[in-house]
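Okay, so here's the structure we're looking at.
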Amino acid sequence: MKFEYKVQGGNFSKAGYASSDLKKILKQLNVNPAIIKRVVVALYEAEVNIVAHAYNGTITIDIDDKQVRIVLEDQGPGIPSIEQAMQKGFSTASPHVREMGFGAGMGLPNIKKNADVMNITSKVNVGTTVEIINYI
Amino acid sequence: MLINEIASNINAQIHCIEGNENIDITKAFTSDLMSDVLTIEDSDVVLITGLANIQTIRTADMADIRCIILGRNKHPSSEMLELAEDIGITVLVCPLTLFHISGILYNKGINPILIK
Ligand SMILES: Nc1ncnc2c1ncn2[C@@H]1O[C@H](COP(=O)(O)OP(=O)(O)OP(=O)(O)O)[C@@H](O)[C@H]1O
Ligand SMILES: [Mg+2]
């Protein structure tokens, strides 16, 4: 099964739409609830990152009998140092993002914790791609 | 503790209880930081927060939290309540401060989450 979602930078009212949808789909497929939580938390963190830090993006989700593979590709400022961005507490979030309850610099480490495989590539002034794989 | 009992202990107004009447809440987490809420691994947790926006509901959903307490009379928007209703999250609106709510529930035997 394949699903695609568009994500708009800056639009917090829609952030989490894809994650909610995936949660419903995985429940219907009777995936173990503990695994569902790991997948949707990882996706939600990555989805909110596009809303908080990029201009727009696309989420592609591929589900088969062995795994959920999610790719989030955005157009945005990119990440100058992925090593730095992966550190707990590092954040460049704007005051607006902080008002929404985000911007603690916890998201990328939390994706790493919840994903079985996480890959991130980024090009400054072009965009960022995050790949998340969880075995089901 | 049942959500109804929690509500009467803190004098809260109940929204969207349907389907959640029998959940036994054992732990609570107080935070306005959704990033922190997303790191919770425990279940049967109630979230006590002063952040009343649509992401509060979304975050709770992702973290498998079924009950949210909004402190200091922060009122949920109709958009928030519609989403909460749709995904089955109960929202309690309480006049007390977050500290006060946390203290009352702690005294009644609600536990903190485990820190890893
Ligand atoms: N898609 C992205 N595009 C551009 N920069 C990003 C993107 N994702 C993350 N970053 C950069 O990496 C930093 C760390 O990201 P991380 O998700 O860990 O924390 P945060 O989003 O700032 O806060 P939190 O996730 O705790 O709400 C961000 O502050 C930002 O500078
Ligand atoms: Mg983030």
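Laboratory data are not the source of any read-out in this text; all were calculated from the coordinates shown. This is a predicted model, so every value here is computed, not measured. Cβ sites come from the backbone with ideal geometry, for glycine too, and all protein chains shown count toward neighbours.
If we count GluC sites (Glu not before Pro) as exposed when they sit in a DSSP loop and have at most 10 other beta carbons within 10 Å, what is the longest stretch of chain B that avoids them all?
Values: sites that count: B:E18, B:E21.
Formally, the longest exposed-site-free interval is B:22-116.
Between A:R69 and A:V126, how high is the FRET efficiency from 1/(1 + (r/R0)^6) when r is the Cβ-Cβ distance and R₀ = 22 Å? Nearest 0.05.
Numbers: r = 23 Å, r/R0 = 1.02.
The computed FRET efficiency comes out at 0.45.
Can you give the angle from 0 to 90° between the axis of helix A:17-28 and the longest principal axis of chain A, with both taken from C-alpha atoms, to the nearest 10?
20
How many percent of DSSP beta bridges within chain B run antiparallel, rounded to 5?
Roughly 20 percent of the DSSP beta bridges within chain B come out antiparallel.
Specify whether the C-alpha gyration tensor of the range B:3-112 places it in the rounded, prolate or oblate class, a ≥ b ≥ c being the square roots of the eigenvalues: rounded for a/c under 1.5, otherwise prolate if a/b is larger than b/c and oblate if not.
Working: a/c = 1.24, a/b = 1.16, b/c = 1.07.
Judged from the Cα gyration tensor, the range B:3-112 comes out rounded (a/c under 1.5).
Check each of the trypsin sites (Lys or Arg not before Pro) in the range A:64-136 and keep only those in coil by DSSP with at most 15 other C-beta atoms within 10 angstrom; list them in order.
A:K66, A:K88
Considering only the other residues whose Cβ falls under 13 Å of the Cβ of B:G19, what net charge follows from Lys and Arg at +1 and Asp and Glu at -1?
-3
Can you give the FRET efficiency to the nearest 0.05 for A:Q87 and B:I87, using r as the Cβ-Cβ distance and R₀ = 35 Å?
Step by step, r from the Cβ atoms, then E = 0.60.
If the cut-off is 30 Å between C-alpha atoms, which lysines fall inside it for B:K116, apart from same-chain ones fewer than 8 positions away?
Of all the lysines, those that pass the test against B:K116 - Cα under 30 Å, at least 8 places apart if same chain - are A:K23, A:K24, A:K27, A:K37, A:K66, A:K88, A:K112, A:K113, B:K27, B:K108.
Cα centroid distance between the range A:1-62 and the range B:8-38, in Å?
Here the answer is 23 Å between Cα centres.
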